Amino acid sequence: MTDTAPETPAVDGDPRPAFVLVRPQMGENIGAAARSMLNFGLEHMRVTAPRDGWPNERAVALASGAGRILDDAMICDTTQAAIADCNFVFATTARDRDLTKPVFTPEAAMAEAARRGAAGQKVAVLFGPERTGLENDDIVIANAIVSVPTNPDFPSLNLAQCVLLMGYEWRRTAEMPTAMEVELAGTQWASHAEMEALIAHYEARLDGAGFFWPEGKAAAMKLTLRNLWSRLPLTRADVQVFHGMMRQMVRWKERG
């Protein structure tokens with residue numbers, strides 16, 4: 001392995017990391033991991049020395065629609081063989097190790113994986129067997145460690161949970177989804193001119209109703225009201241609702 005970008009890009013120019021399940025014990029967890037990977041658009045699974053052999057019917061059953069991840073999985077005898085073509089490798093572990101290595105959070109690790117993938121490097125993430133996690137012999141050949149900030153009194157994650165977490169962080173980093181957005185439901189945000197028309201409508205009606213009183217405070221009251229309107233993120237549909245509300249109140253008053 002090397003810490004520099006290779007001369008040739010990753011296979012098919014695909015920047016997505018490979019997830020390597022090291023000596024997994026239960027087929028169910030392999031299948032659940034495959035499903036978790038596909039949830040977040042990751043398709044490169046590698047499996048080293050699965051305890052119950054390969055192919056594994058229980059893995060297929062738990063994959064639940066993600067069977068193609070298992071079909072295309074690379075099966076290897078050793079961790080070394082699984083990462084032989086990789087340029088940078090992360091090892092996930094919850095335990096303290098007597099090894100001097102950089103330690104990443106999942107978010108930072110997947111951001112680094114995305115950066116390296118974009119530069120043409122192949123990145124792998126190692127996940128240990130269910131009972132013991134990764135051994136030092138596996139971790140020592142990795143370039144960096146990924147440590148999840150779990151409860152120190154109960155730090156162990158299920159294999160599929162860990163894969164899901166790393167997959168989520170990859171998707172979040174690689175796709176950069178908007179943290180919060182508003183679904184406008186067929187409308188658009190109100191323009192400045194539309195807001196000005198709404199403000200003028202309310203000022204005129206409220207003025208006619210004697211709201212801006214006493215006269216010496218009218219200018220300050222209008223300024224306060226205008227400032228209130230400016231803080232409301234209204235859509236065009238919202239503006240029409242407010243216009244309609246005021247018109248109806250005026251009609252009701254005039255009928256009375």
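Derivation of every value follows stated rules applied to the coordinates shown; laboratory data play no part. In this text, all values refer to a predicted model and were calculated from it rather than measured experimentally. With ideal geometry, Cβ positions are generated from the backbone for all residues, glycine too; neighbour counts draw on all protein chains shown.
Measuring max minus min along each principal axis, the C-alpha atoms of region 48-115 give extents of 39, 26, 24 Å (largest first).
Across the chain the C-alpha pair distances fall into 10 Å bins from zero in the proportions 7, 24, 22, 9, 8, 11, 12, 7, 1 percent.
Annotation: amide H of L134 within the under-5 Å range of G128, sequence separation 5 or more or interchain, hydrogens built in the peptide plane.
Taking amide H as placed 1.01 Å from N in the peptide plane, A18 has its amide H under 5 Å from the amide H of V123, A124, V125, each at least 5 places away in sequence or on another chain.
Here the calculated FRET efficiency for E254 and M221, from their Cβ-Cβ distance with R0 = 30 Å, stands at 0.80, rounded to the nearest 0.05. Computed over the alpha carbons of region 75-202, Rg followed by Dmax gives 22.1, 76 Å.
Computed from phi, the 3J(HN,Hα) profile of region 156-165 under the Karplus parametrisation 6.51, -1.76, 1.60 (θ = phi - 60°) reads 6, 10, 4, 3, 5, 5, 5, 4, 4, 4 Hz, with x in place of Gly and Pro.
Scalar couplings 3J(HN,Hα) for region 230-236, obtained by applying the Karplus form with A = 6.51, B = -1.76, C = 1.60 to θ = phi - 60°, are 5, 8, 8, x, 8, 8, 4 Hz; x denotes Gly and Pro. When both region 147-208 and region 130-144 are represented by their alpha-carbon centers, they are found 37 Å apart. Look at F90, F104 and count the other Cβ atoms within 10 Å of each Cβ; fewest to most, that gives F104, F90. Label positions at Q161 and V241, each projected 7 Å from the Cα along the C-beta direction, are separated by 4.2 nm.
Rounded to the nearest Hz, the phi-derived 3J(HN,Hα) couplings of region 213-227 under the Karplus curve 6.51 cos²θ - 1.76 cosθ + 1.60 (θ = phi - 60°) are 9, x, 4, x, 9, 4, 4, 5, 5, 5, 5, 4, 5, 5, 5, where x marks glycine and proline. Close amide-amide hydrogen proximity is noted between C76 and V47, T48, A49, each under 5 Å apart and 5 or more residues distant or on a separate chain (H modeled in the peptide plane; Pro and chain starts excluded). Would you calculate, for the chain, the mean residue ellipticity at 222 nm contributed by helices, counting each DSSP H stretch of 4 or more residues as -39,500 (n - 2.57) and dividing by all residues, to the nearest 500? The per-residue figure over the chain is -13500 deg cm²/dmol. Straight-line reach from K253: taking Cα to Cα under 19 Å and skipping same-chain neighbours fewer than 8 places apart, the aspartates and glutamates in range are E203, D207.
Take every pair of alpha-carbon atoms less than 8 Å apart whose residues are at least six positions apart; their mean separation over the length of the chain yields a relative contact order of 21 percent. Annotation: peptides 240-252, 118-130, ranked by per-residue average of other Cβ atoms within 10 Å with the highest first, follow the order 118-130, 240-252.
Between the residues F212, N227, A193, the greatest Cα displacement towards the positive end of the dipole of region 192-255, with unit charges on the Cβ of Lys, Arg, Asp and Glu, is found for F212. Label-to-label distance for L228 and E196 is 2.2 nm, based on points extended 7 Å past Cα in the beta-carbon direction.
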